[in-house]
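The values are calculated or read from the model by the stated rules, or taken from the named source; none is laboratory data. What you see is a predicted model; the values in this text were computed from it and never measured. No Cβ is skipped: glycine too gets one built from the backbone with ideal geometry, and neighbour counts run over all protein chains shown.
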Amino acid sequence: MSLKLGVPSKGRLMEKTFDWFAARGITLSRTGSDREYAGAVEGAEGVELVLLAAGEIPRELAAGRIHLGVTGSDLVREKLAAWERQVGALTRLGFGHADLIIAVPRFWVDVETLDDLDAAAAAFRAAHGHRLRIATKYHRLVRDFLREAGVADYALVDSQGATEGTVKNETAEAIADITSTGETLRANHLKILTDGCVHRSEATLFKSRNAAWGDREVAALEQVKRMLELRD
Ligand SMILES: Nc1ncnc2c1ncn2[C@@H]1O[C@H](COP(=O)(O)OP(=O)(O)OP(=O)(O)O)[C@@H](O)[C@H]1O
Ligand SMILES: O=P(O)(O)OC[C@H]1O[C@H](OP(=O)(O)OP(=O)(O)O)[C@H](O)[C@@H]1O
């Protein structure tokens, strides 16, 4: 067996991940045609490249089908229950920064904080007979964050994309989504709660705790760690 390294196969993290490894002497490349998800590794012995969607890498790490994987720290926290028991973060990669935030309509002048949201949620329920809806694809992270913050009177509605549009479309009153430049929020007349940052995400190299770590994989990991200048 060789050490399996899972890397995003496309999307915003792929190229930067390839560049990051290349700068440290490990050349990752896609082989075959543009549409074929096959990869090659040069510069590190006993390492096999597995190209996967960023969102699937947490599950593959947890299942032990890959030994190492690069993905957003938000995706690992969202997709894995008790993530720290299943994977370990080896190093942050310095790119893929994005904040998971809670935002409400800009015209809600009385709502700036989570406490305000809690009050607005209670008032909303009394006025409308149903709970204030928050659209998101980050169910686990948002639920945990709002529980900690003492906000209870809301309902999560699932939104797998174009989440900022749900408020205008009247399928939600508030949203929880990733932002980087803030442009999508501004364009959709939304504002971030001042204490509404759920998680600051960054591309991160994770190690599986559940994969089979035989002598060959351990030796390959030691070599990779030396090249990447990682300590335990
Ligand atoms: N606007 C953004 N700017 C920077 N990073 C982002 C942004 N949106 C999402 N991300 C981050 O990119 C990572 C990958 O996101 P995602 O799974 O949506 O894949 P993607 O890059 O959009 O590719 P795909 O086309 O496969 O959906 C996540 O960790 C997320 O935090
Ligand atoms: O702060 P900004 O720079 O405007 O970026 C934020 C947007 O980027 C992401 O969407 P993505 O492009 O992945 O599309 P999606 O709606 O399919 O998630 C995210 O879901 C926001 O909608």
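Residues are listed down the side, and each one gets a yes or a no for (1) within 13 Å of ligand 1 (Cβ to nearest atom); (2) in contact (Cβ under 8 Å) with a residue 12 or more places away in the chain; (3) of a type in the set (Ser, Thr, Tyr):
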site: LEU51; (1), (2), (3): yes, yes, no
site: GLY64; (1), (2), (3): no, yes, no
site: GLY72; (1), (2), (3): yes, yes, no
site: LYS79; (1), (2), (3): yes, yes, no
site: ILE102; (1), (2), (3): no, yes, no
site: ASP110; (1), (2), (3): no, no, no
Reported set for the range 1-42 where residues are in contact with a Gly (Cβ under 9 Å, 6 or more places away or on another chain), under 24 Å from ALA211 (Cα atoms), part of a loop (DSSP other than H, G, I, E, B) and within 16 Å of ligand 1 (Cβ to nearest atom) is SER9, LEU13
Is the range 103-117 home to any residue that is assigned to a helix (DSSP H, G or I), touching an Asp or Glu at 6+ places or on another chain (Cβ under 8 Å) and away from ligand 2 (no atom under 16 Å from the Cβ)?
yes
Of the residues in the range 155-185, those that are of a type in the set (D, E, K, R) and within 13 Å of ligand 1 (Cβ to nearest atom) come to GLU164, ASP177, GLU183
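Here is a yes/no grid of residues against (1) over 20 Å from ALA98 (Cα atoms); (2) away from ligand 2 (no atom under 13 Å from the Cβ); (3) among the basic types (Lys, Arg); (4) outside any helix (DSSP H, G or I):
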{"site": "ALA122", "(1), (2), (3), (4)": "yes, yes, no, no"}
{"site": "LEU141", "(1), (2), (3), (4)": "no, yes, no, no"}
{"site": "LEU146", "(1), (2), (3), (4)": "no, yes, no, no"}
{"site": "THR181", "(1), (2), (3), (4)": "no, no, no, yes"}
{"site": "THR194", "(1), (2), (3), (4)": "no, yes, no, yes"}
Residue set GLY96, GLY69; condition crowded, with 22+ Cβ neighbours inside 10 Å and part of a loop (DSSP other than H, G, I, E, B); output residue GLY96
Selection over the range 154-183 where residues are buried (at least 17 other Cβ atoms within 10 Å of the Cβ) and either modelled with pLDDT under 95 or under 23 Å from VAL76 (Cβ atoms) (or both) yields a count of 8
Over the range 10-49, the set of residues within 16 Å of ligand 2 (Cβ to nearest atom) and basic (Lys, Arg) is LYS10, ARG12, LYS16
The condition of being surrounded by fewer than 21 Cβ atoms within 10 Å (Cβ to Cβ) and part of a helix (DSSP H, G or I) holds, among GLU84, GLU45, only for GLU84
So is VAL41 among the β-branched types (Val, Ile, Thr) and within 30 Å of HIS199 (Cα to Cα) or not? no
